[in-house]
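The values are calculated or read from the model by the stated rules, or taken from the named source; none is laboratory data. A quick note: this is a predicted structure, and the numbers were derived from the prediction, not measured. Counting neighbours? That spans all protein chains shown, and the Cβs are built from the backbone with ideal geometry, glycine included. Ligands, DNA and RNA are excluded from the accessible area calculation, which covers all protein heavy atoms including side chains. Shrake-Rupley method; radii C 1.70, N 1.55, O 1.52, S 1.80 Å.
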Amino acid sequence: VSKSPYVSNSLAYTYYDNAYNAMMSGVCTPEKAAQEVIERVDEEIARTLKENPKLLPSYKADCELQTKIEERLRNGQKIPLSWIKNPFFRRYYEAKGLAE
């Protein structure tokens, strides 16, 4: 299980669950549900960083690293395993032949 230092897992799962239920019940489209989760999680990250500003440098570094990962994927390049913190994605990239 991966855990973010910027958003509590239980809160994130609540957002995902609420959005999923809204979509499945026809209250909103999948796109709207996804956008709702993104907005709630972004708000939670902003709140966490405001309450705990010492996390800001690591958050910025994590965002920069994610940008580098996405850039490499777009360019068909493999990702160094040392860059991947999430255990699911480590295994996924390895299984897909996307990891160095």
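Quick notes on this structure:
- Residues of the stretch 66-97 satisfying the condition of being farther than 17 Å from Ser2 by Cα, surrounded by 13 or more Cβ atoms within 10 Å (Cβ to Cβ) and of a type in the set (A, V, I, L, M): Ile69, Leu73, Ile79
- Assessment of the stretch 9-18 against the conditions (under 22 Å from Asn52 (Cβ atoms), open to solvent by less than 50 Å² (accessible area, probe 1.4 Å) and among the polar types (S, T, N, Q)) yields at least one matching residue.
Each row is one residue, and each column tells you yes or no for (1) at negative phi; (2) touching a residue at least 60 places away in the same chain (Cβ under 8 Å); (3) among the β-branched types (Val, Ile, Thr); (4) in contact with a helix residue (DSSP H, G or I) (Cβ under 8 Å, 6 or more places away or on another chain).
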{"residue": "Ser4", "(1), (2), (3), (4)": "yes, no, no, yes"}
{"residue": "Ser10", "(1), (2), (3), (4)": "yes, no, no, no"}
{"residue": "Thr14", "(1), (2), (3), (4)": "yes, no, yes, no"}
{"residue": "Leu49", "(1), (2), (3), (4)": "yes, no, no, yes"}
{"residue": "Pro53", "(1), (2), (3), (4)": "yes, no, no, no"}
{"residue": "Gln66", "(1), (2), (3), (4)": "yes, no, no, no"}
{"residue": "Gly76", "(1), (2), (3), (4)": "no, no, no, no"}
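- Test result for Ala34, of a type in the set (A, V, I, L, M) and within 12 Å of the chain's Cα centre (by Cα): no
- Within the stretch 26-62, the only residue that satisfies the criterion of being exposed (fewer than 11 other Cβ atoms within 10 Å of the Cβ) and within 19 Å of Asn86 (Cβ to Cβ) is Ala61.
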